[in-house]
Structure formats: structure tokens, C-alpha cells
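Engineer: Pasting a structure here, questions to come.
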Amino acid sequence: MAQATNGSGPAPTEEELSRARLRLVVRGPVAHVTISRPDRRNAMTGRTWTTLARIGQTLPEDVRIVVIDGDGDIFSAGIDLGMFSPEGVDGERSMVAGLADGTASDAEVRDYIAGLQEGFLWLRRPDLVTVAAVRGHAIGAGFQLALSCDLRILADDAQLCMKEPALGLVPDLTGTKPLVDIVGVNRAIEICLTARRVGAQEARDLGLAELVVPADELSAAVDDVVAALLATDRAAATATKALLQQAAGNTLQRQAEAERAAQAARLAALARASVDGSR
Ligand code: ACO
């Protein structure tokens, strides 16, 4: 259910979540987001992603872990293909609105996509650890959503597919960077340009899955990982994630400097806590 806000506007109502085909359950430090549209294989629309962005903006401050999964035996069949029709889906803006007759400008299309990307970008926040729990297919936008999470726990029936190039598109929902970071540019080219399905075992071999488990053990495996993550001090976890996120883009010197700065802040916080605790 929707919970209190952290001061960034109202959280999505139950009705808004339902229209976006999402369920949200927040229990203490763990938020569970489920893509819920089983009759369409959990296909997602623009509203799914703008609502996802609002979930991120309005999570209660004590939430540390976000788990994303799909209803039933599939993570997501990606974008609702109706989004590419001129009429769009359920009154939502079509992805191609105004492009045939030239009434939509290039800048408008880019702005629209930027709004959709917000639904994916927040999953990298250092104060959260985000976990994708993937059963069955994660296609296109579904794969990119899983790639936006810090950890991917896959059922052994999971299949990942970057379908966009096969549809004449590019992957544009922030998935290309994590894909290349994880598998390297050459394998990423092969996976995207063949649009083939990557099975769970191969995904683990490529580093696209942290863990692969039998499908009926997925939920328990996620619970175990969440419990282990919660056992770590939040401030240390946040500082460490921030440090790790910048490592690939830093020189060794710059990263060593970042480690010193982060550790000085941690040591100061621990020292203050120790003094406060002994009072
Ligand atoms: N958009 C809209 N409807 C969809 C989508 C989708 N992405 N995926 C499935 N559906 C619908 C089907 O049309 C079908 O509807 P119907 O019952 O009215 O005929 C229903 O969901 C069930 O789909 P099936 O294909 O029968 O389910 P199956 O389990 O056999 O296959 C699979 C699942 C593999 C996911 C298949 O549906 C599929 O390939 N879907 C399209 C995937 C796709 O191309 N996504 C876009 C990628 S690009 C991007 O995300 C940006």
C-alpha cells in the first residue's frame, strides 16, 4: 500500500498505482514494487515509469531496500507495444504522437523520454539498495528495469532480451550503461544487435545475475539477501555504494582520495556516536 511521503509531493494513490499497473508494499525499511498486469505479461506503459519515478521521490525515508518483481511467472514483456501505435494506450501519449505529421519536435520527444527515464534513474540512489527479482522473461524495458537495479536475483527460468534494435529502436531507458559496465561493449553489442534471449545460467556467467535459484525458491532467496543487506549499517552502506559507483570513472588516485574522504566522514560519525553513547 502507499505510505507517507518524504516531503517530495504526494505518494501515488492506490488508484494511481493500479492505473500504472504497479503494486507497492512498504514494510519498514523494505519497499516491494510489483509490475502487475498478468493478462499482458506485465507489459508497461509510460504511466508505469512516471509512477515509478514518483514512488522513488516519495518513499518513506526509512526505506533502505527496494525489491522489484513481476506478477506471476514473468518479470515483464517490456513496453506495451500499443505505445507505438498512433492512438497509444489507455489515453496515454503515444510514443510516436505527432512524429508522422511533424507536430512534435525532436526536443519534445527527448523531454518525454527524459520523463520516462526518471522511473529508472532513481534506482541507483546510494541510500537505497535495489534488487530485481526476475522470473521468466525480462524483455526490452523489462531488461532495462532489471539492469537499473543494483542486484539481479534470477529464477532459473529467467530470460533476458534487449529487443529494441529488433524493433528498429535503441534501448533508451538507461539500460545501455549498466549493460556495458557489466558485460563489456563487445558482448553488449552482440546481445543487443541479435536481440537474443540470455538464459539465467548464462546471465550469471556474464555477471548479469548475482544469484540464480530454482523458481520456487526465488522469494526466499530475495528475503535472505534483503536480510543480509539490512544487517549492514545504513550510513556505511550508503557511503560504500557511493564509493563503488564512482570507482569505474575514477583514476586510482582520485578513487583513493574519495576513499579517504568517505572514511574520514565515517570515522568522525562513529567517534561522535561513541561519545554520545557513553554519555
Ligand atoms: N505489449 C502488449 N501486449 C503484450 C505484450 C507487450 N509487450 N507482450 C505480451 N502481450 C500480450 C499479447 O498480445 C497477448 O495478448 P492476447 O491474450 O490478447 O493475445 C498476451 O499478452 C499474452 O501474450 P503471449 O504472447 O500469448 O504470451 P507468451 O507467454 O506466449 O509469450 C512473451 C510471452 C515472450 C513475453 C511474448 O508475449 C512477447 O514476445 N511479447 C512481446 C515482447 C516485446 O516485443 N516487447 C517490447 C520490447 S521493446 C521495449 O520494451 C522498449
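The values are calculated or read from the model by the stated rules, or taken from the named source; none is laboratory data. Remember, predicted model here, so these are calculated numbers, not experimental data. Cβ coordinates were reconstructed from backbone atoms using ideal geometry, including for glycine residues, and neighbour counts include every protein chain displayed.
Engineer: Write out, first by first residue and then by second, each pair whose Cβ atoms fall under 8 Å of each other, whose residues are 6+ apart or on separate chains, and whose first residue, in segment 115-144, is over 17 Å from VAL63 (Cβ atoms) while the second is away from the ligand (no atom under 16 Å from the Cβ) and of a type in the set (Val, Ile, Thr).
Structural biologist: Matching pairs, first to second residue: VAL134/ILE153.
Engineer: Could you list, in sequence order, the residues of segment 74-131 that are among the basic types (Lys, Arg) and either within 16 Å of the ligand (Cβ to nearest atom) or closer than 22 Å to LEU167 by Cβ (or both)?
Structural biologist: Scanning segment 74-131 gives ARG93, ARG110.
Engineer: Given (1) part of a helix (DSSP H, G or I); (2) farther than 30 Å from GLN159 by Cα; (3) of a type outside the set (S, T, N, Q), identify the lone condition not met by LEU99.
Structural biologist: Evaluating LEU99 over (1) part of a helix (DSSP H, G or I); (2) farther than 30 Å from GLN159 by Cα; (3) of a type outside the set (S, T, N, Q) leaves (1) as the failure.
Engineer: May I ask you to list the residues in segment 12-51 that are closer than 25 Å to ALA228 by Cβ and either within 16 Å of the ligand (Cβ to nearest atom) or not polar (S, T, N, Q) (or both)? Can you show your working first?
Structural biologist: Within segment 12-51, the subset closer than 25 Å to ALA228 by Cβ is 23-35.
Within segment 12-51, ARG23, LEU24, VAL25, VAL26, ARG27, GLY28, PRO29, VAL30, ALA31, HIS32, VAL33, ILE35 qualify.
Engineer: Considering ARG187, ARG152, which residue is buried (at least 17 other Cβ atoms within 10 Å of the Cβ), among the charged types (D, E, K, R) and either in the same structural domain as ARG64 (by the TED database) or out of contact with any His (no Cβ under 9 Å at 6 or more places or on another chain) (or both)? Outline the logic, then answer.
Structural biologist: Details: ARG187 fails: buried (at least 17 other Cβ atoms within 10 Å of the Cβ).
Exactly one of ARG187, ARG152 is buried (at least 17 other Cβ atoms within 10 Å of the Cβ), among the charged types (D, E, K, R) and either in the same structural domain as ARG64 (by the TED database) or out of contact with any His (no Cβ under 9 Å at 6 or more places or on another chain) (or both), namely ARG152.
Engineer: So which residues in segment 25-46 are more than 18 Å from ASP73 (Cα to Cα) and either in contact with a Ser or Thr (Cβ under 7 Å, 6 or more places away or on another chain) or surrounded by fewer than 22 Cβ atoms within 10 Å (Cβ to Cβ) (or both), if there are any at all?
Structural biologist: Our first condition is that a residue be more than 18 Å from ASP73 (Cα to Cα); within segment 25-46, this holds for 25-31, 45-46.
Within segment 25-46, VAL25, VAL26, ARG27, GLY28, PRO29, VAL30 qualify.
Engineer: I need the full set of residues from segment 59-96 which are assigned to a helix (DSSP H, G or I) and of a type in the set (Phe, Trp, Tyr), in order please.
Structural biologist: Just the residues of segment 59-96 that are assigned to a helix (DSSP H, G or I), to begin with: 81-84.
Scanning segment 59-96 gives a single hit, PHE84.
Engineer: Quick one: which helices (runs of 4 or more DSSP H) sit completely within segment 135-250 and have at least 2 residues that are within 16 Å of the ligand (Cβ to nearest atom) and of a type outside the set (D, E, K, R)?
Structural biologist: In segment 135-250, the matching helices (runs of 4 or more DSSP H) lie at 141-148, 176-183, 185-194.
Engineer: Just one of the numbered conditions (1) under 20 Å from VAL129 (Cβ atoms); (2) surrounded by fewer than 16 Cβ atoms within 10 Å (Cβ to Cβ); (3) not assigned by the TED database to the domain that holds LEU151 is not true of THR238; which one?
Structural biologist: For THR238, the exception is condition (2).
Engineer: Right, next: If I filter segment 244-253 for residues that are among the hydrophobic types (A, V, I, L, M, F, W, C), touching a residue at least 40 places away in the same chain (Cβ under 8 Å) and surrounded by 17 or more Cβ atoms within 10 Å (Cβ to Cβ), do I get at least one hit?
Structural biologist: Within segment 244-253, not a single residue is among the hydrophobic types (A, V, I, L, M, F, W, C), touching a residue at least 40 places away in the same chain (Cβ under 8 Å) and surrounded by 17 or more Cβ atoms within 10 Å (Cβ to Cβ).
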